[in-house]
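Take a look at the structure set out below.
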Amino acid sequence: MVKAPTFSWRFLLPQYWLLWLGVGLMWLLSWLPYRVLMLLGAALGRLLHKTLKSRAKVARRNLQLCFPDMPDAERESLLKRNFEESGKALFETIISWWWPRWRFAKLAHFSGYHHLKDAIAAGKGVLLLSGHFLHLEAAGRVIGLTHPSVGFYRPHNNPLMDYLQYHGRIKSNKYMIGKREVKALIHALNEQEVCFYLPDQDYGRNKAEFVPFFAVADTATTTGTLLFAKAANCVVIPIYSYRLPDYKGYQIEILPPLEQFPTGDDKADVIRVNQWVEQAVLKHPEQYMWLHRRFKTRPEPDAPSLYH
């Protein structure tokens, strides 16, 4: 297990006061009803859509690349809804990290748990494939309420923020593993843990295959999923997750394990992973993190950027 960040008295120094002020404000807001928090989040998202021009440009370009046949008006509507959902994510973070179990449990809806239990009963760990959905913090809490699990994350450069996010994310889960701690994740899988892994962003050309993702024929896609599946005694299980309408909370659907995976054909295997991501996105495309430059790495290093 990777050592968890611990509280340090240096966090009380003036350089951290502004962050503490923001944390205090968020803590006060966390007492508001869920519906009010989501309405505030949507309003914040509409403001961000007007002010974060560069991020809106990236998201708009991603939608153009992925859905070239979608009418412009429909795509712009999707973009605006995506920013509203992005605003909600801030408030989902505070309720996921700070709400007590009894309160958050009212928002948690979980199906397919038998797939996890069957894998563990068979002596396997579970590499749980999720994606960069805007409600990811809430999804992790929902899963933890049913089966406390292990997260794979990027430690924050700010030590206080790293402390807060680590302990917030293990509110109902076991522990977190830094993204460079590959051996630690393999060990956790061999200990029959359920471990989150997100294979759907552009991590560069190292250990990646260029395969289709929606309408982009050559998308840099990590082979990390295959590395863990090969190295550990585990099964690979994808999930669907999404916000429910009418402020009912969050739905997690655990799907059956991927059969005969990996096959040894890396390109075919990561195509299969991308196809699952596409299916998950299409359930609620407005809830996906389109703000990330998903297609920044091109097959030829000197090829022009898709984001000009």
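The values are calculated or read from the model by the stated rules, or taken from the named source; none is laboratory data. Fair warning: this is a prediction, and the values are worked out from it, not measured in the lab. All Cβ positions, even for glycine, are placed from backbone atoms using ideal geometry, and neighbour counts span all protein chains on display.
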Subject >> Considering residues of the stretch 21-39 that are over 15 Å from Gly168 (Cα atoms) and in contact (Cβ under 8 Å) with a residue 40 or more places away in the chain only, the residue nearest to the chain's Cα centre (by Cα) >> reply: Met38
Original post:
Within the stretch 175-215, which residues are part of a strand (DSSP E or B), closer than 16 Å to Ala232 by Cα and in contact with a Ser or Thr (Cβ under 9 Å, 6 or more places away or on another chain)?
Top reply: Val194, Cys195, Phe196, Tyr197
Original post:
For the stretch 262-296, which residues satisfy the criterion of being without any contact (Cβ under 8 Å) to a residue 40 or more places away in the chain and surrounded by fewer than 16 Cβ atoms within 10 Å (Cβ to Cβ)?
Top reply: Thr263, Gly264, Asp265, Ala268, Gln275, Gln279, Leu282
Subject >> Residue under evaluation Gly204, criteria (1) under 23 Å from His147 (Cβ atoms); (2) more than 17 Å from the chain's Cα centre (by Cα); (3) in contact (Cβ under 8 Å) with a residue 60 or more places away in the chain, criterion not met >> reply: (1)
Original post:
Quick check: anything in the stretch 228-250 part of a strand (DSSP E or B), in contact (Cβ under 8 Å) with a residue 12 or more places away in the chain and more than 19 Å from the chain's Cα centre (by Cα)?
Top reply: yes
**OP:** Please find, among Lys207, Lys248, Lys179, Lys171, the residue that is more than 17 Å from Ala4 (Cβ to Cβ), at pLDDT below 95, surrounded by fewer than 21 Cβ atoms within 10 Å (Cβ to Cβ) and basic (Lys, Arg).
**Re:** Lys207
Original post:
Being closer than 21 Å to Ala89 by Cβ, under 14 Å from the mean Cα position of the chain (by Cα) and at pLDDT 95 or above, is that true of even one residue in the stretch 252-268?
Top reply: yes
**OP:** Within the stretch 88-129, track down each residue that is β-branched (Val, Ile, Thr) and within 19 Å of the chain's Cα centre (by Cα).
**Re:** Thr93, Ile94, Ile95, Val126
Original post:
Considering only strands (runs of 3 or more DSSP E) fully contained in the stretch 47-159, which possess at least 2 residues that are in contact (Cβ under 8 Å) with a residue 60 or more places away in the chain and either crowded, with 17+ Cβ neighbours inside 10 Å or in contact with a strand residue (DSSP E or B) (Cβ under 8 Å, 6 or more places away or on another chain) (or both)?
Top reply: 108-111, 125-129
